Amino acid sequence: MTAAVYPGSFDPVHSGHLDVILRAREIFERVVVGVLDNDQKRYLFSVEERVELIRQSLGAATDIGVRPFSGLAVEFANQERAGVIIRGLRAVSDLDSEFQMALMNRRLEPRVHTVFLTTGFANVFLSSSILKDVCAHGGGIEGLCPPVVEAALRARLAPVPAAPARNG
Ligand code: PNS
């Protein structure tokens, strides 16, 4: 059995991510979630907030590590002495970019294998971006993310008022 890292942006973590994390935990000896800190990217939540939201969402599953990382995912895997990078696959549309990333990671570090775990049916169309968009427009996001994430999203995103109807 080997250790695995699960790198991602997690801005914020949602039910699809948690499904992947918990299933990875059943397969691998040790699982560490890596939260990317990339200063070229604009995030809704800081890296410390994203790490904390994952920790709180995992609750009693304290055997799962959650750490920030910057730089290459394969370097993070090496640092954690992990032989596997886990990625979640939702639909065929993910495949193109995930394939590209997996092959590049393999070229950078042949010792590290990418393992894809498929998302459950309920989460196939779920992404952090869509969650933020729906929440920003006042839509319901119950069940799509843990309550702690829902509260953080509601606190951070004031609903965008609908445009007034035009007369004439
Ligand atoms: O949750 P995301 O945004 O789909 O995760 C993408 C992530 C963080 C896994 C990817 O951008 C990444 O690994 N970034 C670190 C830089 C890196 O290793 N790049 C080479 C892989 S092509």
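The values are calculated or read from the model by the stated rules, or taken from the named source; none is laboratory data. This is a predicted model, so every value here is computed, not measured. Here the Cβ positions follow ideal geometry from the backbone for every residue, glycine too, while neighbour counts run over all protein chains shown. With ligands, DNA and RNA removed, areas are computed over all heavy atoms of the protein, side chains included. Shrake-Rupley method; radii C 1.70, N 1.55, O 1.52, S 1.80 Å.
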Residue among Val51, Val66, Val31 that is without any contact (Cβ under 8 Å) to a residue 24 or more places away in the chain and closer than 24 Å to Val112 by Cα: Val51
Conditions (1) open to solvent by 90 Å² or more (accessible area, probe 1.4 Å); (2) more than 29 Å from Glu150 (Cα to Cα); (3) not acidic (Asp, Glu); (4) not in a helix (DSSP H, G or I): number failed by Thr62: (2)
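Being open to solvent by 80 Å² or more (accessible area, probe 1.4 Å) and within 13 Å of the ligand (Cβ to nearest atom) is the filter here; which residues of segment 71-90 pass it? Before the answer, list the steps.
Initial filter on segment 71-90 (open to solvent by 80 Å² or more (accessible area, probe 1.4 Å)): 75, 79, 81, 90.
Within segment 71-90, Glu75, Gln79, Arg90 qualify.
Out of all the residues in segment 3-20, is one or more in contact (Cβ under 8 Å) with a residue 24 or more places away in the chain, β-branched (Val, Ile, Thr) and in contact with a Cys (Cβ under 9 Å, 6 or more places away or on another chain)?
Here is the first cut: in segment 3-20, the residues in contact (Cβ under 8 Å) with a residue 24 or more places away in the chain are 3-20.
Imposing the further condition that a residue be β-branched (Val, Ile, Thr) reduces the set to 5, 13, 20.
Remaining after also requiring in contact with a Cys (Cβ under 9 Å, 6 or more places away or on another chain): 13.
The answer is yes, given that some residue of segment 3-20 is in contact (Cβ under 8 Å) with a residue 24 or more places away in the chain, β-branched (Val, Ile, Thr) and in contact with a Cys (Cβ under 9 Å, 6 or more places away or on another chain).
Going residue by residue through segment 99-118, is there one that turns out to be closer than 25 Å to Arg156 by Cβ, within 17 Å of the chain's Cα centre (by Cα) and surrounded by fewer than 19 Cβ atoms within 10 Å (Cβ to Cβ)? Don't jump to the end; show me each part of the working.
Within segment 99-118, the first condition is being closer than 25 Å to Arg156 by Cβ, and the residues that meet it are none.
Within segment 99-118 (the criterion being closer than 25 Å to Arg156 by Cβ, within 17 Å of the chain's Cα centre (by Cα) and surrounded by fewer than 19 Cβ atoms within 10 Å (Cβ to Cβ)), the answer is no, since none of the residues qualifies.
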Arg111 vs. criteria in a helix (DSSP H, G or I) and either within 16 Å of the ligand (Cβ to nearest atom) or under 24 Å from Ile27 (Cβ atoms) (or both): no
Residues of segment 8-53 satisfying the condition of being crowded, with 22+ Cβ neighbours inside 10 Å, part of a strand (DSSP E or B) and under 10 Å from the mean Cα position of the chain (by Cα): Val33, Gly34, Val35
Residue count, segment 123-157 (criterion: in contact (Cβ under 8 Å) with a residue 12 or more places away in the chain and either open to solvent by 60 Å² or more (accessible area, probe 1.4 Å) or assigned to a loop (DSSP other than H, G, I, E, B) (or both)): 13
